[in-house]
Amino acid sequence: MLYREAGDFKTSYVADSQTFPIAFDRYRYWAILAIAFLVIPFFINDYWANAIFVPFLIYAIAAIGLNILTGYCGQVSLGTGGFMAVGAYACYKLMTSFPDVSIVIHIILAGGITAAVGAAFGLPSLRIKGFYLAVATLAAQFFLVWLFNKVSWFYNYSASGQINAPERFVAGVAVTGPNTAPWAQYMICLVFLTVCAILARNLTRGTIGRSWMAIRDMDIAAEIIGVNPLKAKLTAFAVSSFFIGISGALFFAVYLGAVEVGEAFGIQKSFLVLFMIIIGGLGSIFGSFAGAAFLVLLPVALKVIGVDVLGWPTDLVAHLNLVIVGALIMFFLIKEPHGLAQLWRLAKEKLRLWPFPY
Amino acid sequence: MKDIIEPYVTPDGRTIGGVLMDMRNITLRFGGVEAIKDISFDIREGEIRAIIGPNGAGKSSMLNVISGFYHPQEGEVWFRGQKRPPMKPFQVARLGIARTFQNIALFEGMTVLDNVMTGRLTHMKSNMLAQAIWRGKAEREEVENREKVERIIDFLEIQAIRKTPVGRLPYGLKKRVELARALAAEPKLLLLDEPMAGMNVEEKEDMSRFILDVNDEFGTTIALIEHDMGVVMDISDRVVVMDYGRKIGDGTPDEVRNNPQVIDAYLGVAHD
């Protein structure tokens, strides 16, 4: 009743393979896009932007990136933080070296550089799988953080070892630097997320996405069908790192403004994004959004309820957050490996018939 | 081995062409174990060629040699009149050789449709950027290939389950989906590793009918391994018999049935 697909017939294969085959979903998608682009920017303030929206948008890009690698291609990676750092430092070097070029181009180029680095670190995936690959990417994480700490060229020899985003403008509006309006921060992240999500969705529903999933589900059968495992895995690493690099660049330039690599892009960041896709749903673009939203909102919600309403001490609430996340990870890994996205699909299947199941 | 290279017409009216694949003196060793010992046989265009033999005879190893998983220490593989250099399985697939597996090897997390579409991978050429944007060539190619895939889905009568994840399907249907995926590649040579293992009589009859139909309608050359003698003798044009890595018989089902060595291998022989 609430959610119906009866009478929604397709007359072409194009219509059948679109992203939202059910009309109701399509309307909701356009409605959400309209609200995100036309309503929220006018009401957003500093608190909402910094606590919720901007981190959500940036983490969603990172989660989409990691989901392509881990959820679609089945290659576990613990190097997300390191690859975000590559994006951030690439963006910083580009911004300071070519101040006249648009920041948008810098961010995209930073993604491209990260893609190349990611593909290079993806080379071991041809020989090793699963747990051992995870350890290899962990090595990438530590190496990259060490590299950006050690080689002062990356932070332009600044005394603090930090990188600071200079002020840059898009269409006359500041999007980085201290004078950025919350809505401008929000809009640039939103545009990048929307484009990334559409690109990711198109890639995953097409030939290349199918060859990734084939490698994930059964690599021997994939090979016999004509999937070149080298190409499939390296493109997965490259595309995944491209998105993660963009999110790293945005995280540094737009969200934080000043970054110290170990603090902002440490191993915790790799785990945070991995938790997002586990809770949100492996192998699902929607799951990347759901997981990012969940893990960004959870500490905020706990703080509002625990500290502001119930008056608990702050450290108790912070620890409670960790406990809940840990318990949820275990719950989802055991009960629902496809995460919130699968719960959402099941709810939709139920809603098709509700409240008259016969 | 028979030496007639000229095409001939089978009793049921199909034309068998020239030699498509020629295995010459193949020897395959795993360490000290010789899985295949100096075996030669050919597969001719348009025929259904069976490889039979008791367990451990080396049949699956032979299929793995053809599809590029194993590389024989000695011997040559000739395909379409050319000597094939050592190749990786995905390169063999691009030559037009598709196969199914003894233990089903489908992509469990994907739908039936996606599984079969994956089979068309070697025919899809649009690059990554075009696919990311999904306009023009990529979309057109997707639709063209979808049409071909839908024809195969119709042919194998799996329309009703095309959007079902493969993990939820029963065994018999999975076998059929795997056949569909292999067919989607429009192979010149289709290898079937025990396509009827674990099926009941009715499912076997269905599968035999599909194999015959595939051969008849698409003209696909088929090489299959099967244990059910009744099925093998009924549907195949020529049979290779293997035992302990050696070839002990080769010929039409009738010839093979009356071959004393084959009878010994299957029924045992009195040692006095």
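The values are calculated or read from the model by the stated rules, or taken from the named source; none is laboratory data. Predicted model only: the values in this text are computed from it and were never measured. Here the Cβ positions follow ideal geometry from the backbone for every residue, glycine too, while neighbour counts run over all protein chains shown.
Worth a mention:
- Once the range A:204-220 is narrowed to residues that are out of contact with any Leu (no Cβ under 7 Å at 6 or more places or on another chain) and of a type in the set (Gly, Ala, Ser), the residue that is surrounded by the most Cβ atoms within 10 Å (Cβ to Cβ) is A:ALA214.
- Single unsatisfied condition, A:LEU138 versus (1) at pLDDT 90 or above; (2) within 14 Å of chain B (Cβ to nearest Cβ): (2)
- Within the range A:242-265, the set of residues being of a type in the set (Gly, Ala, Ser) and either within 16 Å of the chain's Cα centre (by Cα) or under 18 Å from A:ILE68 (Cβ atoms) (or both) comprises A:GLY245, A:SER247, A:GLY248, A:ALA249, A:ALA264.
- Test for A:ILE215: is it out of contact with any strand residue (DSSP E or B) (no Cβ under 6 Å at 6 or more places or on another chain) and within 14 Å of chain B (Cβ to nearest Cβ): yes
- Among the residues of the range B:24-76, the ones that are part of a strand (DSSP E or B), hydrophobic (A, V, I, L, M, F, W, C) and over 28 Å from B:GLU217 (Cβ atoms) come to 7 in all.
- A Cβ distance below 9 Å, combined with a sequence gap of six or more or placement on separate chains, defines the contacts here; from the range B:62-76, residues that are within 19 Å of B:LEU189 (Cα to Cα) reach residues that are of a type in the set (Lys, Arg) and part of a strand (DSSP E or B) in the pairs B:LEU63/B:ARG99; B:ILE66/B:ARG99; B:SER67/B:ARG99; B:GLU76/B:ARG24; B:GLU76/B:LYS83.
- Test: A:LEU147 is in a helix (DSSP H, G or I) and within 22 Å of the chain's Cα centre (by Cα): no
- Matching residues, the range B:71-100, being within 14 Å of chain A (Cβ to nearest Cβ) and more than 23 Å from B:ARG29 (Cα to Cα): B:ALA93, B:ARG94, B:LEU95, B:GLY96, B:ILE97, B:ALA98, B:THR100
- Answer residue from the range A:150-164, given it is on the phi < 0 side of the Ramachandran plot and not in a helix (DSSP H, G or I) and is surrounded by the fewest Cβ atoms within 10 Å (Cβ to Cβ) among those: A:ALA159
- Qualifying residue in the range A:220-235 (condition: among the aliphatic types (A, V, I, L, M) and under 15 Å from A:ALA63 (Cα atoms)): no
Each row is one residue, and each column tells you yes or no for (1) free of Cβ contacts under 8 Å to residues at least 60 places away in the same chain; (2) within 8 Å of another protein chain (Cβ to nearest Cβ).
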| residue | (1), (2) |
| --- | --- |
| A:THR207 | yes, yes |
| A:ASP219 | yes, no |
| A:ILE224 | yes, yes |
| A:LEU234 | no, no |
| A:PHE237 | no, no |
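- Residues in the range A:169-203 that are part of a helix (DSSP H, G or I), more than 14 Å from chain B (Cβ to nearest Cβ), surrounded by fewer than 20 Cβ atoms within 10 Å (Cβ to Cβ) and free of Cβ contacts under 8 Å to residues at least 60 places away in the same chain: A:VAL191 only.
- Count - residues of the range B:110-169 that are in contact with a Phe, Trp or Tyr (Cβ under 9 Å, 6 or more places away or on another chain), facing another protein chain (nearest Cβ under 9 Å), surrounded by fewer than 18 Cβ atoms within 10 Å (Cβ to Cβ) and not acidic (Asp, Glu): 1
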